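Contents: one structure, followed by commentary.
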Amino acid sequence: MYNNYIRLGVNIDHCATVRQARYRNYERLSGGIVEPDPLFFALLAERAGADGITVHPRADGRHIQRGDVERLCAAIQIPLNMEMGCTREMVAFAVDIKPRTVCLVPETRDEVTTEGGLDIAGQTGRVLDVVEAMHANGTDVSLFIDPEPEQIECAAKMKVRFVELHTGSFANGWHSESTRVHELAKIRAATELAQQYGITVNLGHGINYTNVADLRSIPGIHEMNIGHTIVARALMVGVEEAVKEMRRRMNPGLF
Ligand code: PXP
């Protein structure tokens, strides 16, 4: 559409977090009085120009439910990116619903949100099995990894089309100038290395309306997957305005 345009994938998990806070025991219901409905959120995001919707159905079902993912598949026009742990159950679910991409992430029950990249260098066989199962299913794979050279090298060997570099350390350390500069340089170097291998680079975790200004300066970023800050802002200004404002900040001057 535009040169150098960075795509926005809106992660709607935390819309479901709010719903589950009240309606956890009503998981067979959806929409109607069981609010807020993540599908409604996704449709508003789509109307505001989001380029994709991201969800992470977790083993403990704490936010997005499998039924939500099925309803999304049937209703949205933009691609669905499903984050998932490397488990047999999730592979079977992904084969069933065929999202456009899956993003393999680490998953432990006690973390509040994804806290580190998937250590693909430390568990190559297990991850490769899932990558191959997804490729056989016609689903593109992204690996959510820390911006470390050995993780990139390993991703290249697995022949994935995408990596999503974990921007959490950058985001958490953003208020310290030395940390910010250091972490940004790591993400930039990892991006360049991945691009040399022909891997398309996405970014995600902890990106907000302020720190996005640093990340957008890295050449060739394909997509940013952003959740918490958009859901939080949507409470104040509405979903469409929250999404439009993020797209503008990711791509200043383009529209
Ligand atoms: N990308 C991945 C792989 C994630 O697991 C998450 C959620 O932790 C996000 C992006 C979105 O992060 P945030 O909600 O901090 O924007």
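List of remarks:
- Given (1) in a helix (DSSP H, G or I); (2) more than 19 Å from the chain's Cα centre (by Cα); (3) of a type in the set (A, V, I, L, M); (4) farther than 27 Å from GLN123 by Cβ, number of the condition LEU254 does not satisfy: (1)
- For region 211-231, the set of residues classified as more than 18 Å from PHE144 (Cβ to Cβ), touching a residue at least 60 places away in the same chain (Cβ under 8 Å) and assigned to a helix (DSSP H, G or I) consists of ILE230, VAL231, listed by residue number.
- From the options PHE40, PHE93, residue that is over 14 Å from the mean Cα position of the chain (by Cα), surrounded by 15 or more Cβ atoms within 10 Å (Cβ to Cβ) and without any contact (Cβ under 8 Å) to a residue 24 or more places away in the chain: PHE40
- Residues of region 117-126 include none that is among the polar types (S, T, N, Q) and closer than 19 Å to HIS222 by Cα.
- Residues in region 188-210 that are among the aliphatic types (A, V, I, L, M), within 16 Å of the ligand (Cβ to nearest atom) and assigned to a helix (DSSP H, G or I): ALA190, ALA194.
- Scanning region 49-61 for residues that are closer than 21 Å to ARG24 by Cβ and surrounded by fewer than 18 Cβ atoms within 10 Å (Cβ to Cβ) yields ALA59, ASP60, GLY61.
- So ILE145, is it within 24 Å of ARG88 (Cα to Cα) and under 15 Å from the mean Cα position of the chain (by Cα): yes
- Pick from region 67-90, criterion surrounded by 19 or more Cβ atoms within 10 Å (Cβ to Cβ) and not hydrophobic (A, V, I, L, M, F, W, C), ranking: farthest from VAL130 (Cα to Cα): ASP68
- Residue tally, condition charged (D, E, K, R) and within 13 Å of the chain's Cα centre (by Cα), over region 53-90: 1
- Every listed requirement among (1) surrounded by 14 or more Cβ atoms within 10 Å (Cβ to Cβ); (2) farther than 18 Å from SER142 by Cα is met by LEU193 save one, (2).
- Sole residue being surrounded by fewer than 14 Cβ atoms within 10 Å (Cβ to Cβ) and within 13 Å of the ligand (Cβ to nearest atom), chosen from ALA242, ALA232, ALA213, ALA185: ALA232
- All of GLY125, GLY117, GLY138 fail the test of being surrounded by 22 or more Cβ atoms within 10 Å (Cβ to Cβ) and either of a type in the set (Lys, Arg) or farther than 18 Å from ARG66 by Cα (or both), apart from GLY117.
- Flag if ARG247 is away from the ligand (no atom under 11 Å from the Cβ), closer than 20 Å to CYS15 by Cβ and assigned to a helix (DSSP H, G or I): yes
- Residue match in region 94-105 (condition: more than 20 Å from ASN225 (Cβ to Cβ), part of a helix (DSSP H, G or I) and not acidic (Asp, Glu)): yes
- Taken over region 119-165, the residue count meeting the criterion of being acidic (Asp, Glu), more than 16 Å from GLY198 (Cβ to Cβ) and in a helix (DSSP H, G or I) is 3.
- ILE199 vs. criteria within 26 Å of PHE40 (Cβ to Cβ), of a type in the set (A, V, I, L, M) and under 17 Å from the mean Cα position of the chain (by Cα): no
Read-outs: derived from the displayed coordinates by stated rules, not from any lab. From a predicted model like this one, the values you see are computed outputs, not experimental measurements. For neighbour counting, all protein chains shown are included, and Cβ atoms are generated from backbone atoms with ideal geometry for every residue, glycine included.
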